[in-house]
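Every number in this text was worked out from the coordinates using simple rules, so none of it is lab data. Quick caveat: nothing in here was measured; it's all calculated off a predicted structure. We place every Cβ from the backbone using ideal geometry, glycine too, and count neighbours over all the protein chains shown.
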Amino acid sequence: MELIKVTEQKEPHVALIELNRPKELNALNPQLMQEVRDALVALDKNDAVRVIIITGNEQAFAAGADIKQMADKSAIDMLLLDQFTTWDQIRKTKKPIIAAVSGFALGGGCEFVMTCDMVIASETAKFGQPEIKIGTIPGAGGTQRLTKAVGKAKAMELILTGRFLSAEEAHFYGLVNKVVPKEMYLHEAFTLAKEIAQLSPVAVQLAKEAINRSFETHLDEGLTLERKNFYLTFASADQKEGMKAFIEKRKPEFKGQ
Ligand code: CAA
């Protein structure tokens with residue numbers, strides 16, 4: 001594991017996965033997501049583990065999919081890359097996953113948080129789907145999960161403007177379970193994890209499966225449409241301009257092409 005760190009028994013029955021690309025604000029490239037998937041598959045099979053915490057660092061949970069690796073890709077490149085199969089496998093994890101978030105959780109980072117089951121946020125956390133500002137749209141479930149989490153009007157505002165939500169706002173809208181001071185977010189995530197880890201692992205897994213089923217029936221169809229539209233943006237000049245402008249640290253000029 002190069003881009004993540006896994007500790008199987010950080011506390012009894014609680015495993016910790018730390019995303020570890022600090023220089024890139026934990027930007028999520030396919031290798032990092034495959035490492036997360038492999039770790040989750042192994043932890044799911046490990047009887048000693050009952051709850052999993054995923055975290056970044058104080059500055060960032062993750063600032064999104066890796067723009068530098070995507071900028072020049074065509075729509076067909078993105079389709080063939082098929083990176084979201086890894087995300088689908090992550091979403092099949094049977095054990096509960098708590099995201100412990102400090103700093104940026106943007107784009108794919110926010111989508112990754114929403115793929116987890118519960119969220120503990122530091123008061124410094126910032127959530128958002130800013131893809132629109134670089135000429136694309138969420139591709140890892142943001143249009144579906146954010147809408148379920150915060151309601152249609154707020155999801156429209158956030159996804160169409162790329163605005164960020166503060167930790168307090170995210171709590172108000174039901175995106176996170178609890179907001180705590182910066183020094184406490186990981187500790188609080190462990191408190192929640194340990195409480196769940198004392199309970200029947202069988203009942204916990206069955207409850208998780210049942211809760212997820214309450215919206216997953218429509219999720220598959222929604223994800224398929226979102227993916228196709230995300231790939232389609234890579235056929236536009238605006239996506240090339242948006243991502244190039246981010247890399248060159250300037251404001252993009254969108255022409256609607
Ligand atoms: N991909 C690649 N590199 C990234 C990145 C990303 N998503 N986010 C940040 N970085 C890199 C920066 O390029 C910079 O690298 P250099 O030092 O080599 O220049 C480094 O991380 C630090 O970032 P900044 O200098 O920009 O830090 P900042 O504090 O000024 O700003 C920020 C922080 C607001 C998070 C800003 O970095 C930012 O806007 N990042 C991009 C957010 C974004 O658009 N995410 C969506 C990506 S698309 C996506 O996720 C699609 C999907 O649904 C799957």
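General remarks:
- DSSP-assigned coil residues among trypsin sites (Lys or Arg not before Pro) in the range 55-155, each with at most 15 further Cβ atoms within 10 Å: Lys92, Lys94
- Within the listed set Leu25, Leu199, Leu40, the Gaussian network model of the chain (springs between alpha-carbon atoms below 10 Å) gives the highest mean-square fluctuation for Leu199.
- 24 Å Cα-Cα threshold exceeded, pairs from Lys154/Lys208; Lys23/Lys126; Lys10/Lys94; Lys92/Lys126: Lys154/Lys208; Lys92/Lys126
- For the range 2-144, the spherically averaged projection of the C-alpha convex hull amounts to 8.3 nm².
- Rounded to whole Hz, the Karplus (6.51, -1.76, 1.60) HN-Hα couplings of the range 81-97, x for glycine and proline: 4, 6, 5, 7, 4, 4, 5, 4, 5, 4, 5, 8, 4, 7, 7, x, 10
- Rounded to the nearest whole Hz, the Karplus-based 3J(HN,Hα) values (6.51 cos²θ - 1.76 cosθ + 1.60, θ = phi - 60°) of the range 3-13 follow the sequence 9, 9, 10, 10, 10, 5, 10, 4, 10, x, 6, with x at glycine and proline.
- Tail weight of P(r) past 14 Å, computed on alpha-carbon pairs of the range 153-206, percent: 68
- The helix-based estimate of mean residue ellipticity at 222 nm for the chain, built from -39,500 (n - 2.57) per DSSP H run of four or more residues and divided by its residue count, is -15000 deg cm²/dmol to the nearest 500.
- Spatially, the range 140-166 and the range 1-71 are offset by 24 Å when compared through their Cα centroids.
- Quotient of Cα Rg and 2.2 N^0.38 Å for the chain, N being how many residues it contains: 0.97
- Among Thr115, Val101, Leu175 the positive-end extreme of the charge dipole of the chain (Cβ point charges): Leu175
- HN-Hα J in Hz across the range 17-33 - Karplus 6.51, -1.76, 1.60, θ = phi - 60°, x for Gly and Pro: 10, 10, 6, 9, 10, x, 5, 9, 6, 6, 3, 8, 9, x, 4, 4, 5
- Dipole check for the chain: with +1 at the C-beta of Lys and Arg, -1 at the C-beta of Asp and Glu, and the Cα centre as origin, the magnitude is about 340 Debye.
- Positive-end residue, the range 24-97 charge dipole about Cα centroid, Cβ charges, pick of Ile67, Gly56, Ile90: Ile90
- Hits among lysines - C-alpha to C-alpha of Lys255 under 24 Å, sequence gap 8 or more where chains match: Lys68, Lys73, Lys133, Lys228, Lys240, Lys244
- In the range 1-67, GluC sites (Glu not before Pro) in a DSSP loop with at most 14 other beta-carbon atoms within 10 Å: Glu2
- Among Ala189, Ala235, Ala170, residue whose mean-square fluctuation peaks in a GNM of the chain (springs only between Cα atoms under 10 Å): Ala235
- Bridges between two residues of the chain, per DSSP, are antiparallel at a rate of about 25%.
- Three principal axis lengths of the range 57-126 [C-alpha, angstrom, descending]: 39, 29, 13
- With Cα atoms defining each centre, the range 72-129 and the range 187-208 are spaced 21 Å apart in the structure.
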